[in-house]
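Any read-out appearing in this document is the output of simple, stated calculations on the displayed coordinates, not a laboratory observation. Remember, predicted model here, so these are calculated numbers, not experimental data. Methodologically, a virtual Cβ is constructed for each residue, glycine included, from the backbone with ideal geometry; neighbour enumeration extends over all protein chains shown.
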Amino acid sequence: MEKGILFVVSAPAGCGKDTILNELFKRTDKAGYAVSATTRAPREGEINGVHYHFLTREDFSEKIKNGEVLEYTEYCGNFYGTLKKSVDELILSGKDAVLKIEVEGAMNIKKMFPEACLVFILPPSLEILEKRLRGRGTETEEKICERTLQAKNELDYAKNYDYLVVNDDLNDAVEDVLAVFRAEKLRRERCIGLIEKVCGDLN
């Protein structure tokens, strides 16, 4: 069975990465989320193993020590990270594994998995991003300013990604990400077996 590819998708808050990926999974059955792990308590409606792998702090620390966590960060007193097992299970099943993580975690993943493909979702402009954040109606003015500043910092990492997709139109952005997934399947270094197969057929 052909193995899947590891895709890492990052974007500042308000760029629509969740919406893009949710729509993408409706259009392809060849990719799935590598579910992240966290030590925070489940929120109402969240299901263990679907939204997150909910672990105790002791369990998470043990997995870090045993090399079972590809990347992790501590935010507001809780650990968030990617379990190696979650990625391996998808890839070995022939599906592409999609990680939705922040920029520093993505850089760590690239070090450990050089063959991973990194995709960054960009807003059309910072002004539009700020407008989208305000349109949510769920953020305080202080939080909007904080997220906008954070977005500027995260955009500095975009140059380290393999592909950049601008979310100006949802359908176009989803199609662009799907195009990235298809293009990666056709990269020469991933298809070297095809050359041998063709040459074998000719002999």
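With a Förster radius of 35 Å, plug the Cβ-Cβ distance of CYS145 and GLU196 into 1/(1 + (r/R0)^6) and report the FRET value to the nearest 0.05. Show your work: numbers first, answer last.
Working: r = 56 Å, r/R0 = 1.60.
So the FRET efficiency works out to roughly 0.05.
Rounding to the nearest 20 debye, state how big the charge dipole of the chain is about its Cα centre with +1 on each Lys and Arg Cβ and -1 on each Asp and Glu Cβ.
For this selection, approximately 280 debye.
Could you work out [θ]222 nm for the chain from helices alone, using -39500 (n - 2.57) per DSSP H run of at least four and dividing by all its residues? Round to the nearest 500 deg cm²/dmol. Don't jump to the answer; show the numbers that get you there.
Numbers: 8 runs with 92 residues, N = 203.
After summing the helix terms and dividing by the residues of the chain, the value is -14000 deg cm²/dmol.
Can you tell me the relative contact order of the chain? Whole percent, Cα pairs under 8 Å, sequence separation 6 or more.
Values: 276 pairs, mean separation 58.9, N = 203.
After rounding, I find 29 percent.
With each label point set 7 Å from Cα along the Cα-Cβ vector, what nm distance links ILE64 and MET112?
1.2
Using 21 Å as the Cα-Cα cut-off, could you pick out the over-long pairs in LYS17/LYS152; LYS85/LYS159; LYS111/LYS143; LYS26/LYS185? Don't jump to the answer; show the numbers that get you there.
Working: LYS17/LYS152 17 Å; LYS85/LYS159 29 Å; LYS111/LYS143 32 Å; LYS26/LYS185 19 Å.
Among LYS17/LYS152; LYS85/LYS159; LYS111/LYS143; LYS26/LYS185, the Cα-Cα distance tops 21 Å for LYS85/LYS159; LYS111/LYS143.
So which GluC sites (Glu not before Pro) in the stretch 1-70 are both in a DSSP loop and have at most 11 other Cβ atoms within 10 Å of their Cβ? Provide the component values of the computation, followed by the final result.
Values: sites: GLU2, GLU23, GLU44, GLU46, GLU58, GLU62, GLU68; in loops: GLU2, GLU44, GLU46, GLU68.
Qualifying residues, ordered by number: GLU2, GLU44.
Which entry in (1) 9, 36, 36, 16, 3, 0; (2) 8, 30, 36, 19, 5, 2, 0; (3) 8, 32, 31, 19, 8, 2 is this structure's computed P(r) over Cα pairs in 10 Å bins from 0, in percent?
(2)
Give me the distance in nm between label points sitting 7 Å out from Cα along the Cα-to-Cβ direction at ILE47 and ASN153, one decimal.
3.5
How much of the DSSP bridge set in the chain is antiparallel, in percent, rounded to the nearest 5? Intermediate values should be presented prior to the final figure.
Working: 9 of 27 bridges.
Percent antiparallel among DSSP bridges in the chain is about 35.
With r as the distance between the Cβ atoms of ASP168 and SER93 and R0 = 25 Å, compute the FRET efficiency 1/(1 + (r/R0)^6) and round to 0.05. Before the final figure, lay out each step's value.
Details: r = 34 Å, r/R0 = 1.36.
After rounding, the FRET efficiency stands at 0.15.
DSSP loop trypsin sites (Lys or Arg not before Pro) in the stretch 10-110 with at most 12 other Cβ atoms within 10 Å of their Cβ, which ones?
Working: sites: LYS17, LYS26, ARG27, LYS30, ARG40, ARG43, ARG57, LYS63, LYS65, LYS84, LYS85, LYS95, LYS100, LYS110; in loops: LYS30, ARG40, ARG43, LYS95.
For trypsin sites (Lys or Arg not before Pro) across the stretch 10-110 that sit outside H, G, I, E and B with at most 12 neighbouring Cβ atoms in 10 Å, the list reads ARG43.
Would you mind checking the tilt of helix 141-155 against the longest principal axis of the Cα atoms of the chain, expressed as 0 to 90 degrees and rounded to 10?
Orientation of helix 141-155: about 30 degrees from the principal axis.
What is the fewest-to-most order of VAL8, VAL180 by other Cβ atoms lying within 10 Å of their Cβ? Could the numbers behind the result be given before it?
On the way: VAL8 27, VAL180 18.
Least crowded to most crowded, the residues run VAL180, VAL8.
What list of ³J(HN,Hα) values in whole Hz, one per residue of the stretch 32-38 in order, does the Karplus curve 6.51 cos²θ - 1.76 cosθ + 1.60 (θ = phi - 60°) give from phi, with Gly and Pro shown as x?
Here the 3J(HN,Hα) series is x, 5, 8, 5, 6, 10, 8 Hz.
Provide the net charge surrounding VAL103, with neighbours chosen by a C-beta distance below 9 Å and charges set as Lys +1, Arg +1, Asp -1, Glu -1.
So the surrounding residues net to -4.
In which sequence would LEU155, LEU129, LEU92 go, from the one with the fewest C-beta neighbours within 10 Å to the one with the most? Please list the in-between numbers first.
Details: LEU155 17, LEU129 25, LEU92 12.
Sorted ascending by nearby Cβ count, the order is LEU92, LEU155, LEU129.
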